[in-house]
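Single-structure report; data block below.
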Amino acid sequence: AALRGLVYTPVPHLTEPGQALNPSFTITVNDQFASVTDTTTSVLATAVEDPILISGVIPLEYASDQSGGAQPFKTIALSDPDNTQFTATATLSDTSIASFGHSFNATISPAGVYSTSGSLSTVQTALQNLIIYASPLDVPTGQTATATVTMSISDHISNTASATSTVVIVASGTADAA
């Protein structure tokens, strides 16, 4: 009866999702007169894929067209217990009014796509340091233009998660008529 209650619990995230563990057991039963050993007992445990969780994205940021940048992911928190490599990309809806600045271990393609890869903590730090610079607007003081930044992160296995933030760029007046 005790053997029927035996439960095997694998160590979480011991292997990558989709990979299997196949531990074997040696079971010996002794009734005080003789022992019987079984070495053919095994369990097949396949690791499952966990979702990537994103929190802390600033949904709306304001920036001046003369002095500043926005950091919509400065408080981002990423979570995924799978021990794997990650790639994050970010794109802007309008590169004529905003652009990405180089930051922590990232590249920016000629088309304006920001990209960073590495461990989850490396990617999170890169996103937290991502700066979006506003371009001078050719509109009167106080008027605005809007750019949306969309970030996507992949775990190179099967999960992708995304987040979006809006950057409102406020004209500071250099384009006012004389």
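When you scan the range 65-78, do you find a residue that is in contact (Cβ under 8 Å) with a residue 60 or more places away in the chain, of a type in the set (S, T, Y) and not in a strand (DSSP E or B), even just one? Walk me through how you get there before you give the answer.
Initial filter on the range 65-78 (in contact (Cβ under 8 Å) with a residue 60 or more places away in the chain): 65-73, 76, 78.
With the extra rule that they be of a type in the set (S, T, Y), the set shrinks to 67.
Filter again for not in a strand (DSSP E or B), leaving 67.
Yes, the range 65-78 contains at least one residue that is in contact (Cβ under 8 Å) with a residue 60 or more places away in the chain, of a type in the set (S, T, Y) and not in a strand (DSSP E or B).
Taking the range 3-34 as the range and being closer than 30 Å to D82 by Cα and among the aromatic types (F, W, Y) as the test, the residues that pass are Y8, F25. Candidates G56, G5: the one that is more than 19 Å from H156 (Cβ to Cβ) and within 20 Å of the chain's Cα centre (by Cα) is G56.
Looking at the range 132-156, which of its residues are more than 19 Å from the chain's Cα centre (by Cα) and open to solvent by 40 Å² or more (accessible area, probe 1.4 Å)?
Y133, P136, D138, V139, P140, T141, G142, Q143, T144, T146
Within the range 1-39, work out how many residues are part of a loop (DSSP other than H, G, I, E, B) and among the small types (G, A, S). Give the derivation first.
As a first pass, look at the range 1-39 and keep what is part of a loop (DSSP other than H, G, I, E, B): 1-2, 6-19, 22-23, 31-34.
Restricting the remaining residues to those that are among the small types (G, A, S) gives 1-2, 18, 34.
Residues meeting the conditions: 4.
Selection over the range 117-145 of residues that are free of Cβ contacts under 8 Å to residues at least 40 places away in the same chain and in a strand (DSSP E or B) gives a count of 3.
Residues in the range 26-54 that are open to solvent by less than 60 Å² (accessible area, probe 1.4 Å) and either at pLDDT below 80 or under 30 Å from M151 (Cβ atoms) (or both): T41, A47, E49, D50, I52, I54.
In the range 14-25, is there at least one residue being under 20 Å from the mean Cα position of the chain (by Cα), at pLDDT below 80 and surrounded by fewer than 14 Cβ atoms within 10 Å (Cβ to Cβ)? Yes: one or more hits. For the range 157-178, the candidate set comprises residues that are at pLDDT 85 or above and of a type in the set (A, V, I, L, M); within that set, the residue that is nearest to the chain's Cα centre (by Cα) is A161.
When only residues in the range 82-116 that are among the polar types (S, T, N, Q), in a strand (DSSP E or B) and touching a residue at least 40 places away in the same chain (Cβ under 8 Å) count, which is farthest from H156 (Cα to Cα)?
Selected residue: T91.
For E61, the criteria (1) part of a loop (DSSP other than H, G, I, E, B); (2) in contact with a Pro (Cβ under 9 Å, 6 or more places away or on another chain) hold in every case but one, which is (1).
The values are calculated or read from the model by the stated rules, or taken from the named source; none is laboratory data. Since this is a predicted model, take the numbers as computed values, not measurements. As a convention, Cβ positions derive from the backbone with ideal geometry for all residues, glycine included, and neighbour counts pool all protein chains shown. Heads up: the accessible areas ignore ligands, DNA and RNA and are worked out on the full protein's heavy atoms, side chains in. Shrake-Rupley method; radii C 1.70, N 1.55, O 1.52, S 1.80 Å.
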